[in-house]
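So the structure is just underneath, and the comments pick up after that.
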Amino acid sequence: MTWIRRVSSAANSPIAGGRRTFFKVGEEIIMLKRRFAKGSDEIKVSFVLDQKDTRLPASVVGDFNGWNPDVDLFVRRSNGTASAVVSLQQGHTYRFRYRSDAGEWFNEEAADRYEPNSHGSTDCIVVV
């Protein structure tokens, strides 16, 4: 099955009303989800993969954690997904990628945009 993303039309902002709904139509689920952290100016960003993704176990690495693959690991959830949640400062742009335990780097298909990196590949960009 594949999952198709439908973004709520409640707002154009990735934060305000930025709920993302997914429909089961295949094997893949890849998404970013943002929400305000209560009592803080930070945004909690959930990086989500399907539990069946063969690249798991993996982690999300980026300039927000010093590109350290041991910090933000994906955790398997009861809803059939695996996620890593990171608190990021609102109003900033961050580079990130996913890294499997086997050392494979891969990108989020629902990133806000992509930019080349100094290693000859492409980084994902998330804007919060």
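The values are calculated or read from the model by the stated rules, or taken from the named source; none is laboratory data. Note that the coordinates shown come from a computational prediction; the quantities given were computed from them, not determined experimentally. A quick note on method: Cβ atoms are made from the backbone with ideal geometry, for glycine too, and the neighbour counts reach across all protein chains shown.
Of the numbered criteria (1) surrounded by 18 or more Cβ atoms within 10 Å (Cβ to Cβ); (2) modelled with pLDDT of 95 or more; (3) under 15 Å from Met31 (Cα atoms), the one Arg113 fails is (1). Tally up the residues in segment 82-100 that are of a type in the set (Val, Ile, Thr) and surrounded by 17 or more Cβ atoms within 10 Å (Cβ to Cβ), please. Qualifying residue count, segment 82-100: 1. If you go through segment 36-87 and pick out every residue that is modelled with pLDDT of 95 or more, aromatic (Phe, Trp, Tyr) and more than 14 Å from Val126 (Cα to Cα), you end up with 2.
Cβ separations smaller than 9 Å between residues 6+ apart or across chains give no pair from segment 32-54 residues that are closer than 19 Å to Ser100 by Cα and surrounded by fewer than 21 Cβ atoms within 10 Å (Cβ to Cβ) to residues that are modelled with pLDDT of 90 or more and acidic (Asp, Glu).
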